[in-house]
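These notes are about the structure you will find just below.
The values are calculated or read from the model by the stated rules, or taken from the named source; none is laboratory data. Since this is a predicted model, take the numbers as computed values, not measurements. FYI the Cβ positions are ideal-geometry reconstructions off the backbone, even for glycines, and counts take in every protein chain you see. Protein only, heavy atoms only, side chains kept; ligands, DNA and RNA dropped before computing areas. Shrake-Rupley method; radii C 1.70, N 1.55, O 1.52, S 1.80 Å.
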Amino acid sequence: MPKVKLPRNSPSIDMTPMVDLAFLLVTFFMLTTKFRPEEPVKVVIPSSVSTTKIPENLTTISIDSAGRVFIDMDGKDVRPQVLQAVMQKYKQPITTLDMSRFAVMGAFGVPINQLRQYIEADDAQRKIMSNASAGIPKDTLKNDELADWINASLSYSEQDYASKQAKNPTVKRMRYAIKADGTSKYKIVKEVMDICQKQGIQHFELITSLKSMPKS
């Protein structure tokens, strides 16, 4: 008796779940990816053999080749509070929208009386203002704006750490780092170190690039 031949059909593959998964992954990366803002100042850091990684939750004080000082702070929750405290001390007006913009802004290096204009400017205007700026004032006769920024950052970051540490023991304290250009004068770097120490910061990182070791 002859065998019954069944018709051959091509298998049907439903691609819908795979497409859904791909779109979910794309959406996830779009929402969670954090693009690093363009640095307002070029700092060519010296090289070293240290392999220590830059810690998380960091306040970075950058010093360029001309001795200008810029500051960058991690922490979207802390930055608006720090801004408000410093602006109030210098009796400068600030809006809620400005504080929201400052929370996600990168490094800055302008005096307090120019900061609101800097925050409200677009990227191109900020770059022009950064190039024309003399950096954050320090050790002046009238005020020491760098010390005020560091003091406010330390105060509010400690408050933020205390409130979060009770719920999450793995949360990290704010760390402080100095990122100096390899050609910047030692006198300027020493001044910044002294200001940090006067505000109670006795330990800070020195950011360098990894020096390539000669092959044996």
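Arrange the residues VAL171, VAL26, VAL78 by how much accessible surface each exposes, largest first, with a 1.4 angstrom probe. Don't skip to the answer; put the middle values down first.
Details: VAL171 35, VAL26 80, VAL78 10 Å².
Order by accessible area, largest first: VAL26, VAL171, VAL78.
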Legend entry - Solvent-accessible area, 1.4 Å probe, carbon plus sulfur percent, for the stretch 72-216: 51
Legend entry - Cα radius of gyration and Dmax for the stretch 90-188 (Å): 15.9, 44
Inset, instruction - Starting from the Cα-Cα distance between SER65 and TYR90, subtract it from 0.36 nm times their residue separation and give me the gain in nm to one decimal. - result: 6.2 nm
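Once you charge only the Cβ atoms, +1 for Lys and Arg and -1 for Asp and Glu, what is the size of the charge dipole of the stretch 129-179 about its Cα centre, to the nearest 20 debye?
On the way: 8 positive and 6 negative charges, 73 e Å.
It comes to approximately 340 debye.
When a/c reaches 1.5 or more, the comparison of a/b and b/c decides; with that in mind, is the stretch 91-138 rounded, prolate or oblate per its Cα gyration tensor?
Details: a/c = 1.85, a/b = 1.23, b/c = 1.50.
Oblate shape, in that a/c is at least 1.5 and b/c is the bigger or equal ratio.
Which order do the peptides 114-126, 87-99, 63-75 take when ranked by the mean count of other beta-carbon atoms within 10 Å per residue, highest first? All intermediate terms of the calculation are to be shown ahead of the outcome.
Working: 114-126: 14.8, 87-99: 13.2, 63-75: 20.0.
Descending mean neighbour count gives 63-75, 114-126, 87-99.
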Legend entry - When each of LYS53/LYS190; LYS164/LYS187; LYS127/LYS185; LYS53/LYS91; LYS91/LYS198; LYS138/LYS167 is checked by Cα-Cα distance, pairs over 32 Å: LYS164/LYS187; LYS53/LYS91; LYS138/LYS167
